[in-house]
Amino acid sequence: GQQVMQIPQYQHVQEGEDFTTYCNSSTTLSNIQWYKQRPGGHPVFLIQLVKSGEVKKQKRLTFQFGEAKKNSSLHITATQTTDVGTYFCAVRKAAGNKLTFGGGTRVLVKP
Amino acid sequence: EAGVAQSPRYKIIEKRQSVAFWCNPISGHATLYWYQQILGQGPKLLIQFQNNGVVDDSQLPKDRFSAERLKGVDSTLKIQPAKLEDSAVYLCASSFTASGGTDTQYFGPGTRLTVL
C-alpha cells in the first residue's frame, strides 16, 4: 500500500530560526498537498504541488516537489509562534485517487 | 462562505453502544469525505462520496461502520457497535469538483469520540 513518511516527527525550533520538514513516498505521485493543523483544530489546506521540481512560496513558507515526484519538502524561515502546529503532507498516487496523509511533523516554537 | 459543519463536537459512549455523526458540506461541493484521525496520527480516509454515490470505502470497517449521503448533500457516519479503538476525531471534508482529483479539501471541526 501507499507509504508516506514524514520526518522529523517532532521539531523544536527557536523563534527566528529556520527549519525544514520532509515528506517521502515509496511510489511516484500525481500530486501532493500540504496541510496545517493547529492544536485542537482541523487540517487547513496550504498548497498543492503537481509538477516535477515545482517550487511554491507563501510568505515565509517554501514548498518543493522532488524531481522524481516521490518526495516533497516544506521550509519555514524565521519561525514565529504562529507556526506552531502539525504539518501534514497528503499524497495522491494518481489523479482521482484518494489522499493519503503522512503522520505529520509536530512543530513547537520556543520563544 | 460557510464552512463544513459537523455535529456533535464531542461524544462519549461506552463500548458496544452506537453513535452517529452528521456532516453538512460547503454548498455546491460534490465530493464529501469522512476521515478518522487517531491521536498523534494523520487523518485516514474512511469513505468518499461523489454526490450520493460511494467512490472509495476500501478502509471503512464495514462490519461496524456505515455511512450515507442520500440526497447528495449532508451525510451521516454511524458506528455500531463501538469499540475502544474507535476513540478518535472523525473529520468530514468536502471538495468542489465531482472527481475529487486534484481539488482542495476543506475540513470541518470534527467530532471527538471517546469510547469507554
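The values are calculated or read from the model by the stated rules, or taken from the named source; none is laboratory data. Quick caveat: nothing in here was measured; it's all calculated off a predicted structure. In this analysis, Cβ positions are derived from the backbone assuming ideal geometry, glycine residues included, and neighbour counts consider all displayed protein chains. Note: areas computed on protein heavy atoms with side chains; ligands, DNA, RNA excluded. Shrake-Rupley method; radii C 1.70, N 1.55, O 1.52, S 1.80 Å.
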### Query
In the stretch A:90-111, which residues are of a type in the set (A, V, I, L, M, F, W, C) and either in contact with a strand residue (DSSP E or B) (Cβ under 6 Å, 6 or more places away or on another chain) or within 7 Å of chain B (Cβ to nearest Cβ) (or both)?
A:A90, A:V91, A:A95, A:L99, A:F101, A:V107, A:L108, A:V109
### Task
Scan B:L60, B:L46 and give me the residue that is assigned to a strand (DSSP E or B) and at pLDDT 95 or above.
B:L46
#### Entry: Residue satisfying all of: in the stretch A:76-89; in contact with a Lys or Arg (Cβ under 9 Å, 6 or more places away or on another chain) and of a type outside the set (S, T, N, Q); nearest to the other protein chains (Cβ to nearest Cβ) among these
A:F88
### Query
Can you tell me which of A:Q14, A:Q58 is more than 27 Å from B:G110 (Cα to Cα), more than 10 Å from chain B (Cβ to nearest Cβ) and surrounded by fewer than 13 Cβ atoms within 10 Å (Cβ to Cβ)?
A:Q14
### Query
Restricting attention to the stretch B:68-90, which residues are within 22 Å of B:L39 (Cβ to Cβ), open to solvent by 20 Å² or more (accessible area, probe 1.4 Å) and among the hydrophobic types (A, V, I, L, M, F, W, C)?
B:L84, B:V89
### Task
Please specify each residue of the stretch B:45-67 satisfying the condition of being among the acidic types (D, E) and open to solvent by 80 Å² or more (accessible area, probe 1.4 Å).
B:D63
